[in-house]
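Notes to accompany the following structure.
The values are calculated or read from the model by the stated rules, or taken from the named source; none is laboratory data. These numbers were taken from a predicted model, which means no experiment stands behind them. Note: ideal-geometry Cβ built from the backbone for every residue, glycine included; neighbour counts use all protein chains shown.
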Amino acid sequence: MRHDDYVTRTRVERERHIRCDPVVHMPTTQRWDGPLGEVALSDFERDGFLSFEGFFSEERMAPFFDELDEMGRDEDLLRQDGVIRDPKSGAIRSVFDMHRISQRFDELTRDPRILGMVRQLLGGDVYIHQSRINDKYGFQGAGFDWHSDFETWHAEDGMPRMRAVSASIMLTDNNEFNGPLMLIPGSHHHFVPCQGTTPDDNWKSSLKAQEAGVPSQSNLQALVNRGGIVAPKGRAGSLLLFECNTLHASNSNMSPWPRSNLFFVYNSVDNALEQPFAAETPRPSFLANRDHPEPLEMQDPLGMPFRRSA
Ligand code: 6CS
Ligand code: FE
């Protein structure tokens, strides 16, 4: 039997416990070897996220919109498995594998500032575990229930350790009305096992509305009592980095304004996927990259690869 520090999806509920992995993985001697200073590093360690308003200019984001517009008219693309539609309205909810679909998005995964911060947090080379856009159209975009991404990636994809970070780039403004991401600061320090086994092919429904892998209300209550809830907002081009185990959720979009966020999930090359810990079969590759992880190399925004220093 494989040892498992993060047992979850059991028939009987298990108790929440403190995580068994560091939050910032870079060894202390090289901790400052990157764009994040000590204050930012300790904020991330304490809260489980960092938010950067106006990280990219709105002009820098414009070509990404144009490309998305084009994709929205590409019928072949829209029929692929990685395109998830809202069960009620039929509108696009998520498009997975953005970095494989588009070179422009692929290059953005290697943005030197983002990659520099992520390498610092994860302690060395990283690759893309998952990429996606979550769209919430005005008046109709549905929300996402509370969850830890790591809980799903561990249970359903076999991600062994908490050593991954999501970079969420706001492609539209995120405000209090259009369903911004909400996080529970400090929740990443705890692992909350979830009750209920994983159904076969769970992803076919979980990406529309999650049922397995949602923490109990008593655990959510306890963690919110300690950390509260925050919803970082900002203009298009703002960035949020959040730790893979930070509990998060979002409300539906009741406003007329669309909310579209891009997510790149970076995983350490030393944390490659194994067999799922709590599901029969691994999920498809557009949800969980199982290719031999090639470390990402920084790419300068004008298209020139950076030379790696030793
Ligand atoms: O199942 C997943 O991998 C995804 N689902 C959610 C609700 N968040 C993260 C991830 O994209
Ligand atoms: Fe999530």
Can you confirm whether VAL126 is away from ligand 1 (no atom under 16 Å from the Cβ), of a type in the set (A, V, I, L, M) and under 19 Å from SER285 (Cβ atoms)?
yes
Kindly indicate whether SER148 is in contact with a Phe, Trp or Tyr (Cβ under 6 Å, 6 or more places away or on another chain) and either within 10 Å of ligand 1 (Cβ to nearest atom) or without any contact (Cβ under 8 Å) to a residue 24 or more places away in the chain (or both).
no
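Please go through segment 286-301 and give me each residue that is in a loop (DSSP other than H, G, I, E, B) and either modelled with pLDDT of 95 or more or surrounded by 15 or more Cβ atoms within 10 Å (Cβ to Cβ) (or both), ordered by number.
Keep residues of segment 286-301 that are in a loop (DSSP other than H, G, I, E, B), which gives 286-298, 300-301.
Listed by number, the residues that qualify are PHE286, LEU287, ALA288, ASN289, ARG290, PRO293, LEU296, MET298.
Table: residues versus (1) away from ligand 2 (no atom under 16 Å from the Cβ); (2) within 18 Å of the chain's Cα centre (by Cα).
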residue	(1), (2)
SER205	no, no
SER218	yes, no
ARG226	yes, no
PHE242	no, yes
ASN253	yes, no
Is it true that LEU77 is at pLDDT 95 or above and surrounded by 14 or more Cβ atoms within 10 Å (Cβ to Cβ)?
no
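Here's the yes/no breakdown for (1) more than 28 Å from LEU121 (Cβ to Cβ); (2) at pLDDT 85 or above:
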{"residue": "GLN30", "(1), (2)": "no, yes"}
{"residue": "GLY37", "(1), (2)": "no, yes"}
{"residue": "ASP43", "(1), (2)": "no, yes"}
{"residue": "GLY54", "(1), (2)": "no, yes"}
{"residue": "ARG60", "(1), (2)": "no, yes"}
{"residue": "PRO63", "(1), (2)": "no, yes"}
{"residue": "ASP69", "(1), (2)": "yes, no"}
{"residue": "ASP81", "(1), (2)": "yes, yes"}
Candidates THR198, THR172 - the one that is in contact (Cβ under 8 Å) with a residue 12 or more places away in the chain and within 13 Å of ligand 1 (Cβ to nearest atom)
THR198
Could you grab me the full set of residues in segment 212-226 that are of a type outside the set (A, V, I, L, M) and touching a residue at least 60 places away in the same chain (Cβ under 8 Å)?
GLY213, PRO215, SER216, ASN219
Name the residue, out of GLU151, GLU156, that is at pLDDT 95 or above and within 21 Å of LEU50 (Cα to Cα).
GLU151
